[in-house]
Amino acid sequence: GPALPLAGKRVVVTAGGTVERIDPVRYLANDSSGKMGAAIAAAALEAGAEVTLIHGRMSAKAPEGVEKIGVESALDMFEAVRSLWDRTDILVKAAAVADYRPARRADRKIKKHGDTLELELVKNPDIVAWAGEHKTKQYIVQFAAETHDAEENAMDKLRRKKSDLIVLNDVTVPGAGFGTDTNIVRVYDERGKAADWPLLGKDEVARRLIALVAERTAARNGA
Ligand code: C5P
């Protein structure tokens, strides 16, 4: 039969949520289920790619047949993305990365003292922005969850972070975003809207997204 659309390509998918330690028993986390990222990894595998799934905390099951790298914090995820960068053809950044982490990680459990406790947070590196700055051959897909001015914010983010596609979940719509098995997304490239799909299972969103990426990267390689 015909060659699979992503045969010979290495796809790196990040999924799940990062965990930012406060002390040995406490952390900051988020509600990411990792379902979208796991579905994308499965779809990329189906399309013939070699797939690495860099995953934070997630309830979704990683598909069989992908290389799995488990990480905890945004800094760990950043390190994993950088270590694979030269071998990456396509990066799909579906993880929910904490924007901030505790400035200090206490070595011992923080004791209860006064009525208030201040926790200082510092900014995490923006992994997808780093990728955009260091892109040579890599094709970059980022995600965005927006609640307002969705399209404008998505286009702005795409340009600022120099990615090739942005997948927008409008999280105000029921059935879209965190935890659900379905999603409603619009996809943009630097010229504007590239796709607008109805409510679909995350598996189907993933298949369509991978088909779009395969088409775009094939066109770029002059295939
Ligand atoms: O700016 P915002 O967090 O909405 O951007 C979301 C996109 O950026 C996602 O693709 C997410 O994985 C990525 N991101 C990242 N590093 C961060 C924060 C977000 O790669 N520190």
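Each value in this text was obtained by applying a stated rule to the coordinates, not by laboratory testing. This is a predicted model, so every value here is computed, not measured. For neighbour counting, all protein chains shown are included, and Cβ atoms are generated from backbone atoms with ideal geometry for every residue, glycine included.
Quick look at the numbers
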| quantity | calculated |
| --- | --- |
| Total residues in the stretch 122-139, condition touching a residue at least 40 places away in the same chain (Cβ under 8 Å) and more than 9 Å from the ligand (Cβ to nearest atom) | 4 |
| Verdict on Pro2 being crowded, with 18+ Cβ neighbours inside 10 Å and assigned to a loop (DSSP other than H, G, I, E, B) | no |
| Filter pass, Ala43 being outside any loop (DSSP other than H, G, I, E, B), touching a residue at least 12 places away in the same chain (Cβ under 8 Å), among the small types (Gly, Ala, Ser) and within 16 Å of the ligand (Cβ to nearest atom) | no |
| In the stretch 188-203, residue farthest from Val13 (Cα to Cα) [restricted to those that are crowded, with 16+ Cβ neighbours inside 10 Å and of a type in the set (D, E, K, R)] | Asp189 |
| Selection status of Ala80, of a type outside the set (Ser, Thr, Tyr), in a helix (DSSP H, G or I), more than 9 Å from the ligand (Cβ to nearest atom) and under 27 Å from Ala39 (Cα atoms) | yes |
| Residue check, Ala103 more than 12 Å from the ligand (Cβ to nearest atom), in contact (Cβ under 8 Å) with a residue 12 or more places away in the chain and closer than 21 Å to Leu212 by Cβ | no |
| Unmet criterion (only one of (1) of a type in the set (A, V, I, L, M); (2) away from the ligand (no atom under 15 Å from the Cβ); (3) in contact with a strand residue (DSSP E or B) (Cβ under 7 Å, 6 or more places away or on another chain); (4) more than 17 Å from Ala44 (Cβ to Cβ)) for Ala145 | (2) |
| Given (1) within 10 Å of the ligand (Cβ to nearest atom); (2) out of contact with any Phe, Trp or Tyr (no Cβ under 7 Å at 6 or more places or on another chain), number of the condition Arg87 does not satisfy | (1) |
| So Arg160, is it within 10 Å of the ligand (Cβ to nearest atom), closer than 26 Å to Glu215 by Cα and surrounded by fewer than 16 Cβ atoms within 10 Å (Cβ to Cβ) | yes |
